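*Asks:* This is the structure, below, for whatever I ask next.
The values are calculated or read from the model by the stated rules, or taken from the named source; none is laboratory data. Note that the structure is predicted; figures quoted are calculated from it, not measured. Cβ: placed from backbone, ideal geometry, glycine included. Neighbour counts: every protein chain shown. Note: areas computed on protein heavy atoms with side chains; ligands, DNA, RNA excluded. Shrake-Rupley method; radii C 1.70, N 1.55, O 1.52, S 1.80 Å.
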Amino acid sequence: MAAAARTVRLATRLTAVPRPLIARAALPSSFAQRAGFSLSARRLKSEVIKETEIPVSVYTPDSKGVASSSSDHFSIPVKRTPEPFLEEEDAVVPLNEKVFRQMPQTLQKMSVMGKVIIITGGARGLGNHMARACAEAGAKAIVIFDANQDLGVESAAELHQKTGLPVSFFRVDVRDGNAINAAVQNVVDLYGTPDVLVNSAGIADSNIKAETYDPAMFRRLIDINLTGSFLMSQAVGRAMIAAGKPGSIILVASMSGTVVNYPQEQSCYNASKAGVIQLGKSLAAEWAKHSIRVNCISPGYMDTALNKVPALDAQKKIWKSLTPQDRLGAVDDLNGLCVFLASDASGFMTGSNVIIDGGYTLY
């Protein structure tokens with residue numbers, strides 16, 4: 001995704017050994033009840049009970065107009081016009097084994113049925129939507145790595161509640177190699193060796209002139225976007241190699257890794273994403289012998305919450321005017337590509353950088 005706001009902070013310094021928060025079919029902890037199931041409780045209060053019949057009580061005065069103690073009680077039926085089925089807003093319906101077996105072979109290969117998937121930056125935004133897409137496509141378990149404790153807990157509980165799938169959250173700073181190694185090992189202990197890594201964690205520094213860019217800020221962004229991508233890939237790739245298990249690693253880069261954005265100045269962000277693309281190609285070449293595929297997704301301008309601020313309105317008009325589709329990407333526009341790269345349908349695809357930008361880089 002191209003840069004949007006100045007110094008968006010998505011990663012913070014955290015403890016060395018991450019502890020997972022796990023959402024399963026039966027959650028005994030107060031965390032599950034508070035962060036997960038309270039969501040449905042709030043919805044239930046506003047639900048309308050649609051009766052099939054209406055109880056009626058009729059009280060009639062006597063011939064003199066005096067209130068009578070007698071009454072008549074009966075029910076009248078309610079005829080309802082069949083309503084079209086509407087899924088719950090923002091519903092996440094996972095692919096089940098029965099439906100999977102009925103699918104044609106091509107569609108089966110395009111699913112992630114039975115796969116364990118780690119998604120960094122999965123607590124919100126594009127990463128969270130890709131996590132939901134993987135759940136819908138048949139994932140065995142979803143594991144969210146994110147530096148934001150509160151959002152991570154909430155998103156994991158909500159995804160479990162919506163799907164019934166095993167969902168875990170690890171509070172992990174992608175700059176902390178020791179924490180990453182401990183978390184990945186715990187994932188292996190919980191679910192087995194991961195099949196897929198979607199590395200979506202990152203930050204953006206934008207609208208900063210190169211001549212005034214703080215070197216400490218530059219190093220921080222490179223550490224999160226580029227070094228973090230390497231450390232996550234290294235830990236997951238090492239686990240796949242040790243288990244002799246094929247897998248797919250997906251690095252979220254940006255069109256900013258191949259073009260220079262306009263009108264904002266963001267030299268560091270662009271450099272970091274160019275590095276992610278080259279890292280992906282290099283890992284793909286090294287790990288092909290282990291049947292590990294590595295590909296990059298390079299989004300264009302996406303209409304995420306981070307971009308929905310008045311200060312960016314003028315720039316967003318320019319971004320749209322330079323995009324042939326005349327729009328920013330929707331938050332779910334990466335989902336299909338993510339699932340495809342995670343699935344066996346892309347089995348002969350590695351080292352690719354797929355730009356998904358509404359045509360921005362055509363000009």
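*Asks:* Any chance region 245-259 includes a residue that's in a helix (DSSP H, G or I), open to solvent by 20 Å² or more (accessible area, probe 1.4 Å), of a type in the set (A, V, I, L, M, F, W, C) and modelled with pLDDT of 95 or more?
*Replies:* no
*Asks:* Please specify each residue of region 180-202 satisfying the condition of being of a type in the set (A, V, I, L, M) and either free of Cβ contacts under 8 Å to residues at least 12 places away in the same chain or open to solvent by 10 Å² or more (accessible area, probe 1.4 Å) (or both).
*Replies:* If the condition is that a residue be of a type in the set (A, V, I, L, M) and either free of Cβ contacts under 8 Å to residues at least 12 places away in the same chain or open to solvent by 10 Å² or more (accessible area, probe 1.4 Å) (or both), then 182, 188, 190, 201 are the ones that fit.
*Asks:* For region 298-326, give me each residue that is of a type outside the set (Val, Ile, Thr), surrounded by 14 or more Cβ atoms within 10 Å (Cβ to Cβ) and in a loop (DSSP other than H, G, I, E, B).
*Replies:* 300, 301, 303, 322 - these are the residues of region 298-326 that are of a type outside the set (Val, Ile, Thr), surrounded by 14 or more Cβ atoms within 10 Å (Cβ to Cβ) and in a loop (DSSP other than H, G, I, E, B).
*Asks:* Does any residue in region 89-112 that is under 16 Å from residue 167 (Cβ atoms) come within less than 6 Å, Cβ to Cβ, of a residue that is basic (Lys, Arg) six or more places away or on a different chain, and which pairs are these?
*Replies:* 92/132; 92/162
*Asks:* Something else about it: Consider only pairs whose beta carbons are under 6 Å apart and that are at least six residues apart or on different chains; among these, list those whose first residue lies in region 158-174 and is within 18 Å of residue 192 (Cβ to Cβ) and whose second residue is among the charged types (D, E, K, R).
*Replies:* 166/24
*Asks:* For region 128-149, enumerate the residues that are of a type in the set (Gly, Ala, Ser) and closer than 25 Å to residue 100 by Cα.
*Replies:* Selection gives 131, 133, 135, 137, 138, 139, 141.
*Asks:* Can you name the condition, by its number, that residue 95 falls short on among (1) assigned to a loop (DSSP other than H, G, I, E, B); (2) under 22 Å from residue 196 (Cβ atoms); (3) open to solvent by 50 Å² or more (accessible area, probe 1.4 Å); (4) modelled with pLDDT of 75 or more?
*Replies:* Here residue 95 meets the rest and fails (3).
*Asks:* Out of curiosity, is residue 229 under 24 Å from residue 335 (Cα atoms) and free of Cβ contacts under 8 Å to residues at least 60 places away in the same chain?
*Replies:* Spelling it out, residue 229 is indeed under 24 Å from residue 335 (Cα atoms) and free of Cβ contacts under 8 Å to residues at least 60 places away in the same chain.
*Asks:* For region 342-355, state whether one or more residues are assigned to a loop (DSSP other than H, G, I, E, B), hydrophobic (A, V, I, L, M, F, W, C) and either surrounded by 18 or more Cβ atoms within 10 Å (Cβ to Cβ) or more than 22 Å from the chain's Cα centre (by Cα) (or both).
*Replies:* Yes - at least one qualifying residue is present in region 342-355.
*Asks:* Right, another one. Would you be able to say whether some residue in region 303-318 is in contact with a strand residue (DSSP E or B) (Cβ under 6 Å, 6 or more places away or on another chain) and of a type in the set (A, V, I, L, M)?
*Replies:* The answer is no, given that none of the residues of region 303-318 is in contact with a strand residue (DSSP E or B) (Cβ under 6 Å, 6 or more places away or on another chain) and of a type in the set (A, V, I, L, M).
*Asks:* Another question about this same structure. Within the set of pairs 6+ apart or on separate chains, which have a first residue in region 346-363 that is under 12 Å from residue 253 (Cβ atoms), a second that is among the small types (Gly, Ala, Ser) and in a loop (DSSP other than H, G, I, E, B), and C-beta atoms under 8 Å apart?
*Replies:* 353/253; 355/300; 356/300; 357/300
*Asks:* Which of the residues belonging to region 149-160 are surrounded by 19 or more Cβ atoms within 10 Å (Cβ to Cβ), more than 13 Å from residue 136 (Cα to Cα) and of a type outside the set (Asp, Glu)?
*Replies:* 152, 153, 155, 156, 157
*Asks:* Now for a different question. For region 117-216, please list each of the helices (runs of 4 or more DSSP H) lying entirely inside it that holds at least 3 residues being within 20 Å of residue 249 (Cβ to Cβ).
*Replies:* In region 117-216, the matching helices (runs of 4 or more DSSP H) lie at 125-136, 177-191.
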